[in-house]
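**Q** Attaching a single structure in C-alpha cells format; questions to follow.
The values are calculated or read from the model by the stated rules, or taken from the named source; none is laboratory data. Note that the structure is predicted; figures quoted are calculated from it, not measured. Positions of Cβ are generated from backbone atoms using ideal geometry, with glycine treated the same way; all protein chains shown enter the neighbour counts. Only protein heavy atoms, including side chains, enter the accessible area calculation; ligands, DNA and RNA are left aside. Shrake-Rupley method; radii C 1.70, N 1.55, O 1.52, S 1.80 Å.
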Amino acid sequence: MEVLVGPGPRQAGGGLGAARSTSSGRAARTTEVPWARFSAWLECVCVVTFDLELGQALELVYPSDFRLTDKEKSNICYLAFPDSHSGCLGDTQFSFRMRQCGGQKSLWHVDDRSYNSKAPLALQREPAHYLGYVYFRQVKDSSVKRGYFQKSLVLVSRLPFVRLFQSLLSLIAPEYFEKLAPCLEAVCNEIDQWPAPVPGQTLNLPVMGVVIQVRIPSRVDKLESSPPKQCDQENLLPAPVVLTSVHELDLFRCFRPVLTHVQTLWELMLLGEPLVVLAPSPDVSSELVLALTSCLQPLKFCCDFRPYFTIHDSEFKELTTRTQAPPNVVLGVTNPFFIKTLQHWPHVLRIGEPKMSGDLPKQVKLKKPSRLKTLDTKPGLYTSYTAHLHRDKALLKRLLKGIQKKRPWDVQSALLRRYLLELTQSFIIPLEHYMASLMPLQKNITPWKSPPQICPFRQDDFLQSLEHAGPQLTCILKGDWLGLYRRFFKSPHFDGWYRQRHKEMAQKLEALHLEAICEANIEAWMKDKSEVEVVDLVLKLREKLVRAQGHQLPVKEVTLQRVQLYIDTVIGSLPKDLQAVLCPP
C-alpha cells in the first residue's frame, strides 16, 4: 500500500517506511507479532500537511503497513486541520471520531475481548470507529509559499484515552515539528515497548526521556469523584509525570459557558437527543462534545458522536439529510454553514469565544429554535425542550462560591463530576433494582435441566415500582421523573443498558448452572443414561468451558477445573471408539 501522499522525500533512507527498526536492541523479540505492543495502544500515527496543489495531504502513515482506505485517508486529512473559519494560530490540540470504512485489518490487529471484559463500558475499545488525537501547528514562515507552516500530527487509536494521548502529543509534536521523521520513528519504537493497557494496573510508559505514569481504570473500580492517589514511584529516575486519569477532561472548564443548563444538557444526553455544538474552534467543540458524552457515566454513551465534524466528511450527506428525522448524534462543528444546513435539528448549542478570566463567563441563554439565524447567530441553547427535573440552584451556588474563593479548577471539576454521577446513579438505581427482580431464584436452577428464563421487562410494572423505590430515595430533585423514564424507554441508551444487563444476567445464570452441575453427583446421573445423552453432556460442558475460559462467563478457576475433571470422567466411562472420537490424538 502506498503510504506517502504528496511530497515524498520524508521516507528516504528506510526511516518511517521500514517495517520495523531493530536498532533499539529489540531484535531478540522476533517471535512477537510485529508492532503488537504498539497496536495495543495506537492503530497508527499520521502526519497531515498543506500542499499548494492538493490542499490537505497525508504526508505519511506509520507503521507503513497499516491499512487505511482512500475514504479514511480523506477524512483524516480534513479532520486534522481546523476549519478556515477558526483562524487558529500557533498550536491547537483537539480530537475527532470517524467511522471505519472496512478495508483489510492489519496483521497485528488486537483482540479486544480480554481488555473489554475488564474495562468500564465507557472505556472499551471502539469496534467500528477510529479516534483521532490531533496536534496542529500554524505559524508564520517566510520560507513557505503561502507564508505559513501548517502541519498536524495525528495519533489514531480505538481507545478513548483523551487525556493520555493529548499529553503524549504535547511531548512529541513540538519535537517532531523541529526534527521530523527520525524523531517520530524513535517515539513509535518506544511505544512498541510499552506494556499492554490492562484494566486495574498502574503502568510506567517511557517516551522521549520522560516516564508517564497512568492507571488504567477497571470495571470493578469504585466510582470516585476525587483523583486517585499517586502510587509508589519505585525510585524511578527521572521521576514520572503522573496523570490522574487517562480519560477525564476538565469538566468545569468545558461546561463554564453552560453551567446554568448542565441539567438540561444531561437530560438531552440521557434521552439520546440530536444536538449540534457550534463552537469557535475545534478544540472547544471537541472538548465540549466529549464532556457531554461523558456526563452519563457509569452509563455507556450509546449514540453516535463526532467531537469535530466538517462539511468535507464522507458522512456529511448522511448526517445532515432532511428526508428523515435527525439521527441520534452529538455533532461538534465550527463552520457557521452548519446553522443553515441543520436548521431542522431540534437542539443547537452555540458557544462564543472562550474567556479564560477567573470570573464565570456570561452564561448562554435558552432560546427558541425559530430565533436561530443563518448569519451572526448569538451564543445560546436553541431548543424547545422543557426539562423534566427542576433546576438544582444549590449546585450553581457552590460552583460560584468556588470561583469567588479561587478554588482550583480540578476541585470544581470533581464537584461537578460527582454531581452528574450521583444524578445518573439516582436515575439508574431503580432500573437496576427492578432488573435484578427479573432474575430467576437460585433454588430453581437444577443441574440436569436448562436454566430458567429471565423474566421480561415490563415498563408499566417498573413505573408502578417507582412509588416506593424511585429516585426520590437518593435524589432531592423534584420534577416529572415518570415522564423522563417514559422518554428514556424510547432512547438508544435504554436499549443499550437493557441489552448489556440482560447479557450479564444470562451469563450469570449460565455460570450458576455450571456450578450446580459441578456440585451434582455426575456418576449417579450417568447410570441410567444412553451413550447419546452422555456424549451430548460432554459437548455441552465443553462449549460452556470454552465460553468461560474466554471470559464470557463469571466463574471461578476452581469451577473450571472441576468441569474439566467432569468431562474427563464422563469420557472415561464411554467405549474406546467413542473416546477416540471425542479425544482425537
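**Q** In whole percent, and with a 1.4 Å probe on the protein chains, what portion of the accessible area of the chain is carbon and sulfur?
**A** On the chain, the fraction of accessible area on carbon and sulfur atoms equals 53 percent.
**Q** Within 10 Å of each candidate Cβ there may be at most 14 other Cβ atoms; applying that plus a DSSP loop requirement, which trypsin sites (Lys or Arg not before Pro) in segment 428-476 survive?
**A** Lys449, Arg458
**Q** Still on this model: Give the Kirkwood hydrodynamic radius (Å, one decimal) of segment 455-585, defined as one over the mean of 1/r across all pairs of different Cα atoms.
**A** One over the average 1/r among Cα pairs gives 18.5 Å for segment 455-585.
**Q** May I pose another question? Excluding residues on the same chain fewer than 8 positions from Lys73, give the lysines whose Cα lies under 17 Å from its Cα.
**A** Lys105, Lys151
**Q** Of the listed pairs Lys401/Lys490; Lys443/Lys529; Lys527/Lys576; Lys540/Lys576, which have alpha-carbon separations greater than 29 Å here?
**A** Result: Lys401/Lys490 exceed 29 Å.
**Q** Find the relative contact order for the chain and round it to a whole percent, using C-alpha pairs within less than 8 Å whose residues are 6+ positions apart.
**A** Once divided by the residue count of the chain, the mean separation gives 12 percent.
**Q** How would you rank 260-267, 426-433, highest first, on the average number of other Cβ atoms within 10 Å across their residues?
**A** Sorting 260-267, 426-433 by mean packing, highest first, produces 260-267, 426-433.
**Q** Round to the nearest 10 and give me the degree value, 0 to 90, for the angle of helix 531-549's Cα axis relative to the longest principal axis of the chain.
**A** The angle comes out at about 30 degrees.
**Q** Exactly which trypsin sites (Lys or Arg not before Pro) in segment 270-326 are in a DSSP loop and have at most 13 other Cβ atoms within 10 Å?
**A** Counting only loop positions with at most 13 other Cβ atoms within 10 Å, the trypsin sites (Lys or Arg not before Pro) in segment 270-326 are Arg322.
**Q** Using θ = phi - 60° and the Karplus relation 6.51 cos²θ - 1.76 cosθ + 1.60, list the HN-Hα couplings for segment 451-460 in order, rounded to whole Hz, with x at every Gly or Pro.
**A** For segment 451-460, the Karplus-derived couplings read x, x, 7, 6, 5, x, 7, 10, 4, 5 Hz, x marking Gly and Pro.
**Q** Still on this model: Calculate how steeply helix 393-404 sits against the longest principal axis of the alpha-carbon atoms of the chain, using the helix alpha-carbon long axis, and give the answer as 0 to 90 degrees to the nearest 10.
**A** That works out to roughly 50 degrees.
**Q** If each residue of separation counts as 0.36 nm, what is the full-extension length gain between Thr474 and Asn116 once their alpha-carbon separation is subtracted?
**A** 125.8 nm
**Q** Moving on. Under 21 Å from the Cα of Lys368, which lysines turn up, not counting those fewer than eight places away in the same chain?
**A** Here the lysines satisfying the reach criterion relative to Lys368 are Lys340, Lys378.
**Q** Specify the inter-centroid distance of segment 403-438 and segment 449-527, based on alpha-carbon positions, in whole Å.
**A** 22 Å
**Q** Taking the chain as the reference, fit the longest principal axis to its C-alpha atoms, fit the long axis of helix 492-519 to the helix C-alpha atoms, and give the angle between the two in degrees, 0 to 90, nearest 10.
**A** Orientation of helix 492-519: about 30 degrees from the principal axis.
**Q** Put a dot 7 Å past each Cα toward the Cβ at Val241 and Gln459; how far apart are the dots in nm?
**A** The modelled label-to-label distance comes out at 4.9 nm.
**Q** Place the peptides 172-180, 249-257 in order of packing, highest mean first, counting for every residue the other Cβ atoms within 10 Å and averaging per peptide.
**A** By packing density, highest mean first, the sequence is 249-257, 172-180.
**Q** Would you calculate the separation in nanometres between label points at Met526 and Tyr148, each defined as 7 Å from the Cα along the Cα-to-beta-carbon direction?
**A** Each label point is offset 7 Å from its Cα along the Cβ direction, giving 7.7 nm.
**Q** Ranked from highest to lowest mean number of other Cβ atoms within 10 Å per residue, what is the order of the peptides 338-345, 290-297?
**A** For the peptides 338-345, 290-297, the packing ranking is 290-297, 338-345.
**Q** Okay, which of segment 418-436 sit inside 19 Å, backbone N to the point 7 Å along the Cα-Cβ direction of Tyr498?
**A** So the set is 427-436.
**Q** Determine the per residue accessible area of the chain with all protein chains present and a 1.4 angstrom probe, expressed in square angstrom.
**A** Result: 49 Å² of accessible area for each residue.
**Q** What are the ³J(HN,Hα) couplings of segment 120-132, residue after residue, when phi is run through the Karplus curve with 6.51, -1.76, 1.60 and θ = phi - 60°? Round to Hz, x for glycine and proline.
**A** Each residue of segment 120-132 in turn: x, 4, 6, 10, 5, 5, 5, x, 10, 10, 9, 9, x Hz.
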